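Visitor: Dropping the structure in here first, questions after.
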Amino acid sequence: MQATINGITLAYNDTGRGLPIVFLHAFPLNRTMWAEQESALSSHHRVITIDLRGHGESDAPLWHYTIDQAADDVRALLDHLSIRQALFVGLSMGGYILLAFYRKYADRVKGMVLADTRARADKPEEKAGRFQMAQVAYKQGPSAIADIMIPKLLSPATIQTRPEIAQRVRTMIEGNQISGIAGDLMAMAERPDSVPLLKQIACPTQIIVGELDQATPPADAKLMAEQIPHARLAIIPNAAHLANLEQPEAFTRLIEEFDSELTT
Ligand code: MLT
């Protein structure tokens with residue numbers, strides 16, 4: 001499905017009925033990374049998966065991207081769909097966007113799942129790495145970004161023994177436009193520190209991290225769990241950064257458990 005949001009076309013899926021769950025994907029992927037969760041949860045929920053600006057089937061304008069702008073796109077899409085409140089799941093960059101969304105629109109958030117993400121801003125050397133990667137995208141295209149990103153996103157065991165997952169991630173990355181990849185990198189480099197926000201989070205929060213995640217390691221997840229009042233932390237074994245793709249059943253079960261506590 002498609003909607004015109006803030007002057008661009010956003011692609012999304014809207015499946016099932018019940019309490020809405022909104023999924024925000026990682027960099028530089030698209031909404032199909034949530035296919036397993038969408039299929040499992042849409043029997044008793046309204047599941048919304050979104051190709052964020054710059055990704056998948058959404059427009060990727062050559063423009064100044066920001067994490068706040070992505071949060072504004074999500075809010076405008078929810079308005080378009082007449083969704084007042086939802087449970088949100090954000091993984092990695094999706095988590096950065098979810099924290100920005102909470103900062104701006106806390107009353108729209110019934111509960112949050114922050115997966116394989118972190119609250120702090122980039123360090124100077126990480127910002128420099130973003131700009132170097134943007135140059136690679138510009139000069140060599142999305143397949144060079146896939147070469148760099150796949151070992152950061154998936155565990156060595158997944159890459160070796162489940163090549164179909166690595167191929168799926170590659171296809172998602174290669175389907176993006178350079179403008180979207182570079183736009184995201186600059187948006188992530190500029191994102192503010194969300195650590196001061198953590199103590200103010202008043203909605204139920206579930207934190208999830210793959211035990212082998214090196215991009216946003218369990219230490220980042222533990223910091224969020226310590227600072228967010230009453231947050232719960234779950235560490236998924238045998239998963240790295242894309243824990244929902246590497247261990248889809250465990251990931252979905254955590255959402256279901258969190259949801260059932262939220263709604264009872
Ligand atoms: C992601 O998975 O969204 C990225 O690894 C996030 C990042 O580069 O900080």
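This table checks each residue for (1) more than 22 Å from residue 166 (Cβ to Cβ); (2) of a type in the set (A, V, I, L, M, F, W, C).
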site: 6; (1), (2): yes, no
site: 11; (1), (2): yes, yes
site: 31; (1), (2): no, no
site: 77; (1), (2): yes, yes
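Visitor: Would you pick out the residues in the range 215-229 that are in contact with a helix residue (DSSP H, G or I) (Cβ under 7 Å, 6 or more places away or on another chain) and open to solvent by 10 Å² or more (accessible area, probe 1.4 Å)?
Guide: Matches in the range 215-229: 215, 227.
Visitor: Among (1) more than 15 Å from the ligand (Cβ to nearest atom); (2) within 30 Å of residue 148 (Cα to Cα), where does residue 26 come up short?
Guide: (1)
Visitor: A follow-up question, please. For the range 188-210, does any single residue satisfy the condition of being open to solvent by less than 60 Å² (accessible area, probe 1.4 Å), within 15 Å of the ligand (Cβ to nearest atom), more than 30 Å from residue 261 (Cα to Cα) and not basic (Lys, Arg)?
Guide: Yes, the range 188-210 has at least one match.
Visitor: Hey, can you tell me all the residues within the range 112-124 that are open to solvent by less than 10 Å² (accessible area, probe 1.4 Å) and either over 20 Å from residue 240 (Cα atoms) or within 11 Å of the ligand (Cβ to nearest atom) (or both)?
Guide: 112, 115, 116, 117
Visitor: Looking only at the range 239-247, decide whether some residue is within 15 Å of the ligand (Cβ to nearest atom), part of a helix (DSSP H, G or I), touching a residue at least 12 places away in the same chain (Cβ under 8 Å) and hydrophobic (A, V, I, L, M, F, W, C).
Guide: yes
Visitor: Please identify the pairs in which a residue from the range 168-183 that is part of a helix (DSSP H, G or I) has its Cβ atom under 6 Å from the Cβ atom of a residue that is open to solvent by 20 Å² or more (accessible area, probe 1.4 Å) and aliphatic (A, V, I, L, M), counting only partners at least 6 apart or on another chain.
Guide: 179/62
Visitor: Another question, if that's okay. For the range 144-158, what are the residues that are without any contact (Cβ under 8 Å) to a residue 12 or more places away in the chain and more than 21 Å from the chain's Cα centre (by Cα)?
Guide: Hits for the range 144-158 are 144, 156.
Visitor: Still on this structure: Go through the range 76-107 and report how many residues are under 19 Å from residue 41 (Cβ atoms) and either within 16 Å of the ligand (Cβ to nearest atom) or part of a loop (DSSP other than H, G, I, E, B) (or both).
Guide: 10
Visitor: Would you mind telling me which numbered condition in (1) without any contact (Cβ under 8 Å) to a residue 12 or more places away in the chain; (2) within 15 Å of the ligand (Cβ to nearest atom); (3) open to solvent by 60 Å² or more (accessible area, probe 1.4 Å); (4) of a type outside the set (A, V, I, L, M, F, W, C) residue 127 fails?
Guide: Here residue 127 clears every test but (1).
Visitor: Here's another thing I want to ask about it. Would you mind finding the one in 87, 81, 98, 114 that is touching a strand residue (DSSP E or B) at 6+ places or on another chain (Cβ under 9 Å), farther than 21 Å from residue 197 by Cα and aliphatic (A, V, I, L, M)?
Guide: Matching residue, one of 87, 81, 98, 114: 81.
Residue-wise test of (1) closer than 30 Å to residue 261 by Cα; (2) in a loop (DSSP other than H, G, I, E, B); (3) at pLDDT below 95; (4) open to solvent by less than 30 Å² (accessible area, probe 1.4 Å).
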site	(1), (2), (3), (4)
4	no, no, no, no
21	yes, no, no, yes
34	yes, no, no, yes
40	yes, no, no, no
47	yes, no, no, yes
59	no, yes, yes, no
64	no, yes, yes, no
74	yes, no, no, yes
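Visitor: Pairs under 7 Å by beta carbon, first residue more than 20 Å from residue 224 (Cβ to Cβ) in the range 68-93, partner small (Gly, Ala, Ser), six or more apart or different chains?
Guide: Pairs found: 77/3; 78/86; 80/3.
The values are calculated or read from the model by the stated rules, or taken from the named source; none is laboratory data. As the structure is a prediction and not an experimental result, all values here were calculated from the model. Quick reminder, even Gly has a Cβ in these numbers, built from the backbone with ideal geometry, and neighbours come from all protein chains shown. Protein only, heavy atoms only, side chains kept; ligands, DNA and RNA dropped before computing areas. Shrake-Rupley method; radii C 1.70, N 1.55, O 1.52, S 1.80 Å.
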